[in-house]
Structure formats: C-alpha cells, structure tokens
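Values in this text are rule-based calculations from the coordinates and carry no lab data. The structure presented is a predicted model; accordingly, all values stated were derived computationally and were not measured. Reconstructed Cβ throughout: ideal geometry from the backbone, glycine too, with neighbour counts over all protein chains shown.
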Amino acid sequence: MTASDDPATVQTPSRTVRLVREEIFPPTRDDEHDLSDDDDADPDDASAAPADHDLLQGLPDDSDSIELINARLSSDSLLNLDLPRFALSLNQLCLRQNLITHLQPSVFSPLHALQDLDLYDNKLKDIDDALDNLPLTSLDLSFNLLRSIPKGISTLTHLTTLYFVQNKISHIDGLGNLGATLTSLELGGNRLRKIENLDALVNLEELWLGKNKIAKLENLHTLSKLKILSIQSNRLIKLEGLQALTSLRELYVSHNGIERIEGLDSNLELRTLDVGSNRISKIENISHLEKLEEFWASDNQIPNLHDLDSQLAKTASLDTIYLEGNPCQKLDMAGYRRKVILALPQVTQVDATHVKAP
C-alpha cells in the first residue's frame, strides 16, 4: 500500500514532472541498499515493484523532465513506462533510489535529447551499451554495484559531470575520450589505490577522491585547469605532485597521515587549504599564498601559535582559521582564542565561532 494510489504529478509550463512514491510502512531489510559482495537478489520480478503501466500515461509527450524517486522500479518496470515517447523533448531523467539492475537499450537509446541522467542508489553492475552515444552532459551512477568504470562511458563524449560515489571501483580507466568536455569527476568512496589514467582530462576543474586507499599524490601533471582537489580520508603521508595545478583554488587533504605542509610553491591561487586531522606539527610554507581565505588545520600536533605571525599575518584575504584540537588550543583553553585574534586581526572566524566586532 502506498501513500496514494495515484502518485502526485506536477506540471509546469516547462513540462517538468516529478513523481515520488512513498511507503507508509518502514522498508524491510531486503529493501535497504547493500554494498556487500553478496547482492545477487533479483528485483526484476513481479513482487519487487507494483504495476507501472499507467505511471506516466497522463503525461504530455513534450515533457522535458521526469523524476521517479523511490518508486520501487525494476529494470522490467522501465519497459512499461514507455519512455521513448518522450524522445524528442526529455532532457532530464531522475531514477534515484530504485531497484534497477540493468539498463536496456530499447528504453534509453531512443532518448536523443537526454542530457541529465540520475541513476543514484540502484543495483547496477554495468551499463553495457544502453547509453551509447547519447548526448548526456551529466551522469550519476553513485551508490551502485560497479566494480569498474563501465566501458560504455567512453561513448559519452559530451559529459561534463560524472559521479561514481560509493561503488567498488578499484582502478581509474576508460575516461580518455572525455577529455574535451569533462570538468567534474567524483570517485569518492571506492577502492582506489592509485591516481592514474587522467592525462587526457585536460579540462577537468573538480576531482573528488575522498574515502579511498590512495597513498600518493601523483599523475596530476596535465590537470592545469583543476580548481578543486579533494582527497580526504586516504593514506597520504606527503604533500607532493601538485606543481602543475596552477589554477587550484581548493585543496582538501584532511584525515590522512601528512606530516608537513609543503609542495605548494606553484599553487598561488589557493583560497581554501584543509589539512585537518593529519600529523602536522608546524605551520609553514604558506606565507606565499596571498589569496588564501580559509586555513583548516584542526586536530594536528601544532604545539604553539608562534608561526602565525610569519606565515599568515600578512595574508590580508584570510577570513577563517581552524586550529582547535591541537596542543596549542588544548593546553591553553583560556588564552588560545584571544591570542589567535591578536596575531591575525583580519580573520572573522576562529574555529566554529565568529569573531565579535570591536
């Protein structure tokens, strides 16, 4: 039993349609998304999803956006939706939080106008050739069961944004054909041990690699347009390999094993530097970062505030600094905040608290 026998349908002048089926009862254990290796249950049976023949029946053929979220759709259910009738106008399709195990070419190949496809939180192990040569600019395959980057990705030469969050991917490969267009790549929460095979992605502006097993910053030399690099919660022990990233504005390397702040000589555009939760014992080698706005170094091993004057006092753009959780804060709870403000009068926020105006 669902909250309504007829899912809510909202039509705007732009023909955007959103349908969400919500269950009154809590999901069973079998309904919950499981990333374990033992995930062979087949949702593509009659009991996995209700009849969907009429789900989109009343929608106009020129609808340009459809969302079917948490609708218990299986791969067979997609056949019943008759999505090809929207082929000339549909440019956004969201199928989040369903039970889709595979994609059928007969469903997706006719969608010649489709630009944004969201398959977040399904049961996909591959995409095969179902999406080949579609004009997609954004594709989200996060929270699925992928063990590698699907070969079919190489045909999607219009992609600008690509998400693979929380899969089981162990190697970066198969992206060489996307170099002309891809600007954002998200591979967080996988099984990567090495940064590799990114040479062709010369237009990449955002690279997200958090929560993997990467031990070294390397093979980034062609990414001169990169603005954001996030590699939190990995196995780094050294800041290195960043010389070519002359456009870098945000660097996130928290929750690693880094012992020194170094290797940032060429990163003069940095606005945000996050080195929190590492093994750093000294604030150093950042006095040249004249555009720095936020410096996050909480939960390290910094013993005192002596280096603030030489490293950050002249950085007029500095707005926020985090140093809590270091010995310099824990051993001087009463005076720590006042000393930071005196040393850096330009900042407006120390840790999570804003500085009161004088």
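So here's what we get for this one:
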{"quantity": "Dimensionless Rg ratio for the stretch 108-176, taking C-alpha atoms and the 2.2 N^0.38 Å reference", "calculated": "1.01"}
{"quantity": "Cross-link partners of Lys339 among lysines (Cα-Cα below 26 Å; sequence separation of 8 or more within a chain)", "calculated": "Lys282, Lys291, Lys314, Lys330, Lys356"}
{"quantity": "The stretch 232-358 - Kirkwood radius from inverse mean 1/r over Cα pairs (Å)", "calculated": "14.6"}
{"quantity": "Highest to lowest packing among 341-352, 246-257, scored as the average C-beta count within 10 Å", "calculated": "246-257, 341-352"}
{"quantity": "Neighbour-count ranking [beta-carbon atoms within 10 angstrom, fewest first] of Ile69, Ile172", "calculated": "Ile69, Ile172"}
{"quantity": "Cα pair distances of the stretch 180-247 binned at 5 Å [whole percent]", "calculated": "4, 18, 30, 29, 16, 3, 0"}
{"quantity": "Charge context of Pro105, other residues only, Cβ under 9 angstrom, K/R +1, D/E -1", "calculated": "-3"}
{"quantity": "The stretch 308-358: translational diffusion in µm²/s, Stokes-Einstein, Kirkwood Rh over Cα pairs, 37 °C, 0.692 mPa s", "calculated": "293"}
